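Below is one structure; the comments refer to it alone.
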């Protein structure tokens, strides 16, 4: 699959880009997962956004990279989402690789934290994230806090 990757700070996103990011997140998290929740938590404005577009220019995957101190003491990756039609082709692993490369360049060797849906723990484990042991319900969905440490 031919994918165009971009990472932009919120301040550099166009209105259409932000609209398309939010539309994809709502399609997957709210509609597909049947989980009404407040997506706009104010953290997007201080975050970097990874955008993956297909050959037609459609946003097919996105994630946000949060600087240290915004959600956790360390850098964080969240709102990781892939359009249904783009799943099953390895795009999720590419997306995580792109996020992690950027975070390590932008924030140095800071650990990276994620709040992962529990059923995706093995997926994130393939990217060397390890459970911190904190498991919890978030919006009625089991989650686990996981951390990547460069020297672990």
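Readers should treat all values here as calculations from the given coordinates under stated rules, not as data from a laboratory. What you see is a predicted model, and the numbers here were worked out from it, not measured in a lab. So basically every Cβ, Gly included, is an ideal-geometry build from the backbone, and we count neighbours across all protein chains shown.
Could we say that residue 72 is under 21 Å from residue 142 (Cβ atoms), in a loop (DSSP other than H, G, I, E, B), in contact with a strand residue (DSSP E or B) (Cβ under 6 Å, 6 or more places away or on another chain) and in contact (Cβ under 8 Å) with a residue 24 or more places away in the chain here? Answer is yes for this residue. Flag not set for residue 121, criterion: surrounded by 17 or more Cβ atoms within 10 Å (Cβ to Cβ), touching a residue at least 60 places away in the same chain (Cβ under 8 Å) and either in a helix (DSSP H, G or I) or under 15 Å from the mean Cα position of the chain (by Cα) (or both). Scanning segment 73-85 for residues that are crowded, with 17+ Cβ neighbours inside 10 Å and out of contact with any helix residue (DSSP H, G or I) (no Cβ under 9 Å at 6 or more places or on another chain) gives a single hit, 78.
The condition of being in contact (Cβ under 8 Å) with a residue 60 or more places away in the chain, out of contact with any helix residue (DSSP H, G or I) (no Cβ under 7 Å at 6 or more places or on another chain) and surrounded by fewer than 19 Cβ atoms within 10 Å (Cβ to Cβ) holds for only one of 27, 33, that being 33.
Which of the residues that make up segment 103-118 are assigned to a helix (DSSP H, G or I) and exposed (fewer than 12 other Cβ atoms within 10 Å of the Cβ)?
The first filter runs over segment 103-118 and keeps only residues assigned to a helix (DSSP H, G or I), leaving 103-107, 118.
Selection gives 105 alone.
Being touching a residue at least 24 places away in the same chain (Cβ under 8 Å) and either in a helix (DSSP H, G or I) or loosely packed, with under 13 Cβ neighbours inside 10 Å (or both) is the filter here, so list the residues in segment 124-138 that pass it. Working first, answer last.
Residues of segment 124-138 touching a residue at least 24 places away in the same chain (Cβ under 8 Å): 124, 126-128.
Those that are touching a residue at least 24 places away in the same chain (Cβ under 8 Å) and either in a helix (DSSP H, G or I) or loosely packed, with under 13 Cβ neighbours inside 10 Å (or both): 124, 126.
Sort out which residues of segment 41-56 are surrounded by fewer than 14 Cβ atoms within 10 Å (Cβ to Cβ), more than 24 Å from residue 107 (Cβ to Cβ) and within 16 Å of the chain's Cα centre (by Cα), and write them in order of number. Result: no residue meets the conditions. With respect to the conditions (1) in contact with a strand residue (DSSP E or B) (Cβ under 9 Å, 6 or more places away or on another chain); (2) surrounded by fewer than 18 Cβ atoms within 10 Å (Cβ to Cβ); (3) within 20 Å of residue 25 (Cβ to Cβ), residue 59 falls short on a single one, namely (2). Please tell me if residue 65 is within 23 Å of residue 134 (Cα to Cα) and touching a strand residue (DSSP E or B) at 6+ places or on another chain (Cβ under 6 Å). So residue 65 passes the test.
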